Amino acid sequence: MSTYKIVDDAYGKSGVKLLHIKRDGPVHSIRELEVNTQLTLSSKKDYTTGDNSDIVATDSQKNTVYLLAKKYGVNSPEEFAIILSRHFLNTYNHVLKVQVHIELYPWQRAEIDGKKHNHAFVFTPVAVRVCTVRMERNGVPVVESGLKDLRVLKTTQSAFVNFVADDYRSLPDASDRVFSTVITSRWVYSTTNVDYCRAWNTVKDSILSVFSGPADKGIFSPSVQNTLHLTEKLVLDSIPEINYIEMILPNKHYVNVDLSKFKNVGFAHNDTVLQPLDKPSGNIRAALTRSLPSKL
Ligand SMILES: O=c1[nH]c(=O)c2[nH]c(=O)[nH]c2[nH]1
């Protein structure tokens, strides 16, 4: 008779939406979150025999998110995810592993006549902040932070030349092209002694500064690959608590519309009217980690 083994399992609630309001007198601060909890239990009898007696219902996990937000507030999403992870492991002896993933909605305090508003906010989706905390019984929380949907474009200081020339190549060398991408990144900390909000802003600012360069002259990019690598290097240089960073940069192509047939109206040369291509896009990904110190 064949025997089988469950090799991977987790269950929980996804999409637990929550707005937390911190009320400091007239000054209010908000965090709107979408939380995803996942528990792995020590026994598999729920799956194998239909015995539910160990199941912490996903509905109870949802209630836990609301109750702990009420009890502890929501400072950074990372800290809230750590609170939730510790709670599930401390409360239920038969929980082996917890994973909490949080997405933070990009609300920013409104500014009226140059003054920060006490209680009004504007949805400012420059990028979506995310984090995932993984924790095992008797382990320490492993905190991963990230961002997604950071869409950028520059109109010059990007080139792509000298790539493989063979029977399959049709793309000419481009010494000056549009560079646009929608950035996803995630990074892992080696400690929990971190100012997560400050670190997140430093990573976002590093991404923007390596992509853009100085305001007047910009910075030259020979390829998406090189820009990605220089960004990851700057992040590891700037934030010692991060030991791993991955970035995914789709290359969102914009091509000059061919107006050469319209020479008689003087449009032979065209680098001002471009067609954004929805699909396909390039897709460039790499992760950078600190090399282990040499044993020599
Ligand atoms: O920066 C780029 N990297 C590539 O790998 C690539 N491939 C491509 O067609 N265009 C580009 N641009």
**Prompt:** Can you name the residue in segment 215-238 that is assigned to a helix (DSSP H, G or I) and among the polar types (S, T, N, Q) and, of all such residues, is nearest to the ligand (Cβ to nearest atom)?
**Reply:** 225
**Prompt:** For segment 195-214, which residues satisfy the criterion of being more than 16 Å from the ligand (Cβ to nearest atom), free of Cβ contacts under 8 Å to residues at least 40 places away in the same chain, in a helix (DSSP H, G or I) and not charged (D, E, K, R)?
**Reply:** 201, 202, 206, 209
**Message:** Looking at segment 167-189, I want the residues that are within 22 Å of residue 286 (Cα to Cα) and have a partner that is more than 15 Å from the ligand (Cβ to nearest atom) and part of a loop (DSSP other than H, G, I, E, B) with Cβ atoms under 7 Å, at least 6 apart or on another chain. Which pairs are those?
**Reply:** 178/155; 189/241
**Candidate set: segment 1-14, residues that are open to solvent by 40 Å² or more (accessible area, probe 1.4 Å), at pLDDT 95 or above and small (Gly, Ala, Ser); chosen: the one nearest to residue 84 (Cα to Cα)** = 14
**Prompt:** Out of segment 87-136, which residues are of a type in the set (Val, Ile, Thr), free of Cβ contacts under 8 Å to residues at least 24 places away in the same chain and part of a strand (DSSP E or B)?
**Reply:** 112, 122
**Item:** Matching residues in segment 59-103 - criterion: being open to solvent by less than 10 Å² (accessible area, probe 1.4 Å) and of a type in the set (S, T, N, Q)
**Value:** 61, 76, 85
**Item:** Verdict on residue 29 being under 24 Å from the mean Cα position of the chain (by Cα) and polar (S, T, N, Q)
**Value:** yes
**Asked** Considering only segment 30-74, how many residues are of a type in the set (S, T, N, Q) and free of Cβ contacts under 8 Å to residues at least 40 places away in the same chain?
**Response** 6
**Message:** I'm told residue 151 meets every condition in (1) open to solvent by 100 Å² or more (accessible area, probe 1.4 Å); (2) in a strand (DSSP E or B); (3) within 30 Å of residue 94 (Cα to Cα) except one. Can you identify the failing condition by its number?
**Reply:** (3)
**Asked** In this structure, is residue 16 in contact with a strand residue (DSSP E or B) (Cβ under 8 Å, 6 or more places away or on another chain) and among the aliphatic types (A, V, I, L, M)?
**Response** yes
**Prompt:** Yes or no: residue 256 among the polar types (S, T, N, Q), within 16 Å of the ligand (Cβ to nearest atom) and modelled with pLDDT under 95?
**Reply:** yes
**Asked** Quick one: which of 291, 260 is open to solvent by less than 60 Å² (accessible area, probe 1.4 Å) and among the hydroxyl-bearing types (Ser, Thr, Tyr)?
**Response** 260
**Request:** Determine whether residue 173 is away from the ligand (no atom under 16 Å from the Cβ), acidic (Asp, Glu) and farther than 19 Å from residue 100 by Cβ.
**Result:** no
**Request:** Could you please give the count of residues in segment 181-222 that are in contact with a Pro (Cβ under 8 Å, 6 or more places away or on another chain) and open to solvent by less than 30 Å² (accessible area, probe 1.4 Å)?
**Result:** 2
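The values are calculated or read from the model by the stated rules, or taken from the named source; none is laboratory data. Here the structure is a predicted model, which means the values were calculated and not measured. Here Cβ is always computed from backbone atoms with ideal geometry, including for glycine, and neighbour counts include all displayed protein chains. With ligands, DNA and RNA removed, areas are computed over all heavy atoms of the protein, side chains included. Shrake-Rupley method; radii C 1.70, N 1.55, O 1.52, S 1.80 Å.
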